[in-house]
Amino acid sequence: MAERFIEHVLLAEFDIDKGPVLRVQYPTKVTEDDQLVAELMLPEGVHNRLQDWTAFMLNRPSVQLPEVASTAKRWPVQVYRYDTSLTKPEWVLAAANE
């Protein structure tokens, strides 16, 4: 079977009575801890916007861990956010202190 770029689609929303809620996990359930995942999916301050969305990647467990030489180059981790406050919304590099 060929690898898929997207394994699962999740939908979380804020319910005024329940707080963050994970509404949809497709095609199968990803986790039993719906509350934690919903909290991670909803950014702080989202209530200040009419709409917003977040994309994040989860590590998938590997059947075999690749052998990595101790001198292997490590790529820096960069985090981007979609800035809707700009005239033309776009992806920008998130500051380290955000």
Query - Unique match (being open to solvent by less than 100 Å² (accessible area, probe 1.4 Å) and modelled with pLDDT under 85) among ALA72, ALA96 - result: ALA72
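Across the stretch 31-41, what is the number of residues that are assigned to a loop (DSSP other than H, G, I, E, B) and within 13 Å of the chain's Cα centre (by Cα)? Steps first, please.
Just the residues of the stretch 31-41 that are assigned to a loop (DSSP other than H, G, I, E, B), to begin with: 31-33.
Those left that are additionally within 13 Å of the chain's Cα centre (by Cα): none.
Selection size over the stretch 31-41: 0.
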Report task. Restrict the check to the stretch 24-38 and report whether at least one residue is under 27 Å from GLU90 (Cβ atoms) and modelled with pLDDT under 85. Result -> no
Report summary line: Conditions (1) surrounded by 10 or more Cβ atoms within 10 Å (Cβ to Cβ); (2) in a loop (DSSP other than H, G, I, E, B); (3) acidic (Asp, Glu) -> GLU44 fails only (1)
Query - Subset of the stretch 15-24 [closer than 18 Å to MET57 by Cα and crowded, with 16+ Cβ neighbours inside 10 Å] - result: LEU22
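The values are calculated or read from the model by the stated rules, or taken from the named source; none is laboratory data. None of the values given here were measured: they were computed from a predicted structure. Reconstructed Cβ throughout: ideal geometry from the backbone, glycine too, with neighbour counts over all protein chains shown. Keep in mind that these areas ignore ligands, DNA and RNA; they rest on the heavy atoms of the full protein, side chains included. Shrake-Rupley method; radii C 1.70, N 1.55, O 1.52, S 1.80 Å.
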